[in-house]
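Trainee: Once you've had a glance at the structure underneath, I'll fire off some questions.
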Amino acid sequence: MTEHARDAEGSQDADTAVRREIELDAAPADVWEALTRPELLEQWFEAEVELDPRPGGTGRFIGADGEHRVARVDEVEEGRRLALTWWPDDEGDEPASKVEFVLTPTHGGTRLVVTESPLTARACVATTGAGWAWRLELLVLTLFLLVRA
Amino acid sequence: MKEDPLDRVFIALADGTRRTVMRQLLDGGPTTASELADGLPMTRQAVVKHLQALGQAGLVDAQRAGREVHYRATPKPMGDAVAWMLRTGAQWDKRLERLRRQVSQRTG
């Protein structure tokens, strides 16, 4: 395991657009706090954060770069799983997406898996069952185009 | 929820047949629906429907040439979808690296 977050390819449930997995040298309870307490979120998001970490709770992330997102908490399993939907506060091109954090205790700390998936893509992927293959194809197509250009 | 341009690209490319059509257009250059249908196990009508879906996502444009319609791949929006994935991934890389330092400090 490297110290950096890595792209966890080949995972069984990799049906989402972006997935990262990281091993943290901290107990799940500490990681959970860092994910749910706004003043701790602010540090690693480098953003102004408001968050009510309860199902149906709302949130707001205002980045130093001016990026402004509104969030809604979808699911909370204390210490184990947090899922929220967020979307840009302006009329930009960014899609709304679902962000999910899953914590697993490990020998020395916590494994944290983060997935962020654009909502429409997630819906399509669920019906076609083609998620991972689709993403690979998309990348292959793009690389192919770059080579041709 | 409003459907934005990127949503349409994700929807259009979530279908395997449309990816095949897209690839053929990228590979073989502009062509007609009939020519595309010759190389695929489907009718010309079915190909036209897929081309229209790709067109709505801005991935294909249609040009009339006499009695024929030529379809051409316009893949820029596809690049936008990939760009979203790359940008989102890069943001998480940075955030998680900061989180790693943050929680290590707290316990260390």
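Trainee: Taking +1 at the Cβ of each Lys and Arg and -1 at the Cβ of each Asp and Glu, which of B:LEU96, B:ALA81, B:VAL47 sits farthest along the dipole of chain B towards its positive end, judged by Cα position relative to the Cα centre?
Mentor: B:LEU96
Trainee: Just to verify a number: FRET efficiency for A:ARG54 and B:ALA90, C-beta to C-beta distance, R0 = 25 Å, to 0.05?
Mentor: That pair, A:ARG54 with B:ALA90, gives E of 0.25.
Trainee: What is the average number of partner chain Cβ atoms found within 10 Å of a Cβ in B:73-86?
Mentor: 4
Trainee: Could you state the per residue volume, in Å³, of the convex hull enclosing the Cα atoms of chain B?
Mentor: 133 Å³
Trainee: Oh, and also: What full-extension length gain, to one decimal in nm, is calculated for A:ARG72 and A:THR106 as 0.36 nm per residue of separation minus the Cα-Cα distance?
Mentor: Going from the current span to full extension adds 9.3 nm.
Trainee: Related question: Once amide H atoms are built 1.01 Å from N in the peptide plane, which residues 5 or more positions from A:GLY57, or in another chain, come under 5 Å H to H?
Mentor: Close amide H contacts, sequence-distant or interchain: A:VAL73.
Trainee: A further question follows. With θ set to phi - 60° and the Karplus curve 6.51 cos²θ - 1.76 cosθ + 1.60, what are the ³J(HN,Hα) couplings of region A:33-42 in order, to the nearest whole Hz, using x for Gly and Pro?
Mentor: 4, 5, 8, 10, 9, x, 5, 8, 4, 4
Trainee: How far is the Cα center of region B:66-83 from the Cα center of region B:1-54, in Å?
Mentor: Value for the Cα centre distance between the two parts: 9 Å.
Trainee: A further question follows. With axes computed from alpha carbons, what is the tilt in degrees of helix B:16-28 against the longest principal axis of chain B, rounded to the nearest 10 within 0 to 90?
Mentor: It works out to around 70 degrees.
Trainee: Can you compute the FRET efficiency between A:ARG81 and B:ALA83 using 1/(1 + (r/R0)^6), with r the Cβ-Cβ distance and R0 = 30 Å? Round to the nearest 0.05.
Mentor: Once the sixth-power term is evaluated, E becomes 0.55.
No value in this document is a laboratory result; all are computed from the given coordinates. This structure is a prediction, so every number in the text was calculated from the model and none was measured. Positions of Cβ are backbone-derived with ideal geometry, glycine not excepted, and every protein chain shown enters the neighbour counts.
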